[in-house]
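Notes for the one structure printed next.
Nothing in this text is a laboratory measurement; each read-out follows from the coordinates by a stated rule. Small disclaimer: the values here were computed from a predicted structure and weren't measured. Please note: Cβ atoms are built from the backbone with ideal geometry, for glycine as well, and neighbour counts cover all protein chains shown.
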Amino acid sequence: MTSPAQPKPNEKRDFRQEVTDSIVRMLEEGVAPWQKPWEATGVPQNPTTGKSYRGGNAIHLMASQIRGGFEDPRWMTYRQAAEQGWQVRKGENGAQIEFWEMKKPKERDGNPKGEDQADNEKPRLVHRVYTVFNAKQIDGIPPYQPRVHTAFETAQAGERILTNSGAKISHDQVDRAFYSPGSDSIHLPPREVFKDAPGYYGTALHELSHWTGHKDRLNRATLNESYRFGDVNYAREELRAELASVFLAAERGIPHDPASHAAYVGSWIKALREDKNEIFRAAHDASIATDYLLNLDREVSKAESLEATPDSVEPEQQKAELEDEAGELKRDRQDVAEERETTRQTARYEPDSGTVLTHDKLNGNDRRTPVDGIPAKDDLQKSFAAAKSVAAEALGDGARTRTAMTASGTYRGEIVGETDLHVVQRLSPGTAVAHMKRLLEPVPGIGENVVVAYSNYKGAVRESHERAKTRGFGR
C-alpha cells in the first residue's frame with residue numbers, strides 16, 4: 001500500500017486533507033476499515049485516560065492500525081507513554097489526531113479577562129493536532145488482553161441491541177435487507193439465510209443505524225433528504241450507517257462482516273474528494289448514532305436489572321444502588337454534553353456557572369443557556385414514584401416506566417397522566433416514559449399524542465402525525 005504523501009519543508013500541514021487522501025486511497029484498494037472483515041478488538045482507546053477515541057479520530061486510527069498491521073487498539077502520545085514509564089521506540093512514526101478545546105479569555109496570551117477588547121471576553125474554540133503511537137510501537141507497556149467473546153456472547157450482544165432499540169424488525173425478505181423510513185421498519189431475510197451470526201448482526205446493525213436517523217429520532221439529513229438510489233445523500237447515508245455498524249461491532253465485541261457495497265465506493269470517493277470534512281462529518285454522525293443505540297441498550301438493561309432485584313435486598317441497599325446508577329448516568333450525560341459537536345456548533349455544559357455554552361463556528365458567536373429551576377432530589381424521587389403508579393393504572397400492573405434519555409432521546413406516544421414534576425407517555429402496551437416537565441417546550445396535556453425529541457437536555461414537543469411512505473435504504 002502506498003504511504004501517505006508527506007508535506008514539503010515549511011509547508012503547513014492540512015490534517016483533514018491528509019486523512020481524507022489516505023482514506024480515499026484505502027477505498028480504492030478495498031482496504032478501508034469498513035471494507036475488510038476483522039475480529040473485534042475494540043474501538044481505538046487511550047489506556048492512560050481510559051477513554052475511547054471518537055468520530056474521525058476513531059476511523060483514522062482504525063485505518064492506521066490496518067496500515068501498520070497493529071492488532072492492539074491502544075494509542076497515546078509520547079508524553080503520556082513516558083509518564084507511565086513506557087518508551088516509544090526510536091524511529092517509530094505516529095498517527096495524528098485532532099482535538100478541539102474551548103479556551104477561556106484569561107487563558108489566551110496570558111491576558112486576564114477584561115484587559116483586551118470586548119470580543120476577547122468570549123471563549124474561543126481552538127483546534128490542535130497531536131501525534132499518538134500504537135502500543136505495538138512502545139516498549140514496557142503491558143500486553144493487551146482483549147476480552148474473548150464466545151459465539152453465544154456475540155449473538156447475545158447483537159440481539160440485545162436490536163431488541164432494546166424498540167425498532168420494528170421483520171424477517172420477510174428473500175435476499176435483501178433494507179430500512180423503510182415510510183413505515184419506520186427494518187426488513188431482513190430469515191436468520192438461517194446468513195452464513196453465521198456476524199453476517200446476520202452486521203446486516204441488522206447496519207439497517208438499525210439507518211433507523212436512528214429517522215426524523216423523530218436523530219433527524220439525520222442524509223437519511224431524510226435522500227430521494228433515490230445513486231444520489232449524493234443516499235451514498236452519504238450508506239457511509240454513515242456502515243461506520244456506525246463498525247463502531248457498534250467494535251464496542252460490543254461482534255466480528256465485523258462487511259456487506260457487498262461496491263455500488264457505493266465510487267460515490268464515497270467522489271464525496272470525500274470534493275470535501276475534506278465529509279469523512280469527519282460521517283464519522284461524527286456515526287458516533288452519535290452509536291451512542292444513541294448503546295444508551296437505549298444500557299437504559300433498558302439497567303431497568304431490567306433493577307426489576308429483577310430480589311425482594312430479600314434491603315431497602316437501603318436498593319436506594320444506594322439507585323443513587324449509584326443515577327450518579328453514573330449523570331456523569332455519562334455530562335461527558336456527552338462536553339463533547340457535543342455539529343458541523344456548525346459546539347455545546348458544552350459548564351458546571352461552575354450552571355449554563356450550557358453554545359459556540360457558533362461560522363460567526364464566532366457564543367450563547368449561554370442557564371440550567372435553572374432544578375428540583376430537589378427527594379421531590380424528583382417522589383414524583384417519579386407517582387409517575388410509575390400513573391403508568392401502572394393506565395397500562396396495567398406489569399407496566400415498566402423509564403426515565404427519559406434527555407441527551408438525545410426521542411419518544412412517540414400518548415400522554416396518559418402527570419405528576420407534580422413529570423408527564424407520563426405511553427411508548428408501548430407495557431412501557432411508559434416519565435418526562436420532567438421543566439425540560440419540555442411546550443408541556444403536553446393528558447390525552448395528546450405527541451413526539452418528544454430531546455437535544456442537549458431540552459425536549460421539543462410536537463403533535464404526532466402519520467408518516468408518509470418513502471423508499472427504503474438497503475444493503
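Note on the stretch 151-283: dipole from Cβ charges, positive end direction compared against Tyr179, Ala249, Asn219; the farthest Cα belongs to Asn219.
Expressed as a whole percent, the proportion of Cα-Cα pairs in the stretch 169-225 lying more than 19 Å apart is 28%.
Shape summary: the stretch 377-463 maps onto an equivalent ellipsoid whose semi-axes, from the alpha-carbon gyration tensor, are 18, 15, 11 Å in decreasing order. Computed over the stretch 118-242, the alpha-carbon pair-distance distribution with 10 angstrom bins reads 10, 29, 23, 21, 14, 3, 0, each value a whole percent.
Between Arg412 and Tyr130, the modelled labels are 4.1 nm apart [label points 7 Å from Cα along Cα→Cβ]. Legend: calculated FRET efficiency, Ala460 to Ser389, from the Cβ-Cβ distance at R0 = 30 Å, rounded to 0.05, equals 0.65.
Spin-label model, Asp379 to Val232: label points 7 Å out along the Cα-to-beta-carbon direction sit 5.0 nm apart. Rounded to the nearest 20, the size of the Cβ-charge dipole of the stretch 151-283 about its Cα centre is 280 debye, with Lys and Arg at +1 and Asp and Glu at -1. The mean of 1/r over all pairs of different alpha-carbon atoms in the stretch 120-163, once inverted, gives a Kirkwood hydrodynamic radius of 15.8 Å. Measuring between alpha carbons in the structure, the pairs from Lys12/Lys276; Lys12/Lys103; Lys215/Lys276; Lys12/Lys270; Lys382/Lys437 lying more than 21 angstrom apart are Lys12/Lys103; Lys215/Lys276; Lys12/Lys270.
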